[in-house]
Amino acid sequence: YALPVHLTHYWALFITLALAAVFFILFLRELGVGPAGALIGSLGYLAGNMTYARDLVLGTSLFVQAALFWTLIKIYKSDSKKTRIVFILFGGGLVGYGWWVAAYFPILYIALITFSFVLFLGLRDGAKKNLFRMLSTIFFIFLIGTTIGLLQ
């Protein structure tokens with residue numbers, strides 16, 4: 001209410017894209033990419049999705065996708081059950097936020113690519129324990145997030 005609508009939109013878009021860039025850098029750092037490579041990869045992520053980055057609703061999907069990938073890799077690497085639960089709740093909040101702000105198609109797209117990423121992580125070491133853990137993780141993240149999204 002303090003700023004004009006168009007100014008608020010552009011500030012929200014800037015903050016959302018900045019968060020997308022930060023979470024993509026964090027994701028690449030978890031994969032072992034160096035700082036310069038992570039920065040270049042993050043800028044490439046935003047530049048490659050410039051069609052979505054012009055609109056706050058679709059730009060939000062870039063943030064949700066990058067943050068969800070970072071969350072999933074943190075869950076995969078974690079040995080602590082408490083840490084995994086915190087990240088599952090965080091991921092559920094991200095998906096819920098995505099349902100509230102983003103258009104429905106991008107969230108379905110994000111669900112498909114995160115499912116593919118989870119399959120990759122679950123089958124990576126050949127242990128069925130990891131596959132079940134990662135599949136149940138994505139199930140609970142989207143269950144929590146969709147429950148939050150249904151509140152709208």
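The values are calculated or read from the model by the stated rules, or taken from the named source; none is laboratory data. These numbers were taken from a predicted model, which means no experiment stands behind them. For neighbour counting, all protein chains shown are included, and Cβ atoms are generated from backbone atoms with ideal geometry for every residue, glycine included. Note: accessible area is taken over every heavy atom of the protein model, side chains too, but ligands, DNA and RNA are not part of it. Shrake-Rupley method; radii C 1.70, N 1.55, O 1.52, S 1.80 Å.
Observations
- Under 15 Å from the V33 label point (7 Å along Cα→beta-carbon), backbone N, the stretch 65-85: 65-71, 73
- Most to least accessible of F140, F132, F63 (protein chains only, probe 1.4 Å): F132, F140, F63
- R0 of 30 Å, Cβ-Cβ distance H9-L150: FRET efficiency to nearest 0.05: 0.70
- For the chain, the mean residue ellipticity at 222 nm estimated from helices alone is -29000 deg cm²/dmol, where every DSSP H run of n ≥ 4 contributes -39500 (n - 2.57) and the total is divided by all residues, rounded to the nearest 500.
- Residue-normalised accessible area of the chain, expressed per residue, 1.4 Å probe, Å²: 58
- Whole-angstrom gap from the stretch 42-72 to the stretch 82-150, using each part's C-alpha centre: 16
- Excluding same-chain neighbours fewer than eight residues apart, the lysines reachable from K128 by a Cα-Cα span under 16 Å are K77.
- Taking the Cα centre of the chain as reference, the dipole from Cβ charges on Lys and Arg (+1) and Asp and Glu (-1) amounts to some 540 debye.
- Relative contact order of the chain, pairs being alpha-carbon contacts under 8 Å that are 6 or more residues apart, as %: 22
- The chain, accessible surface, carbon-and-sulfur percent (1.4 angstrom probe): 74
- A simple rule links phi to the HN-Hα coupling: the Karplus curve 6.51 cos²θ - 1.76 cosθ + 1.60 with θ = phi - 60°, which for the stretch 44-55 gives x, 4, 5, 5, x, 10, 4, 4, 7, 6, 7, 10 Hz, with x for Gly and Pro.
- The aspartates and glutamates whose alpha-carbon is closer than 14 Å to the alpha-carbon of K129, local same-chain residues fewer than 8 away aside, are D79.
- For the stretch 116-126, backbone phi angles converted through the Karplus equation (6.51, -1.76, 1.60; θ = phi - 60°) give residue-by-residue couplings of 5, 5, 5, 4, 4, 5, x, 9, 4, 9, x Hz, Gly and Pro being listed as x.
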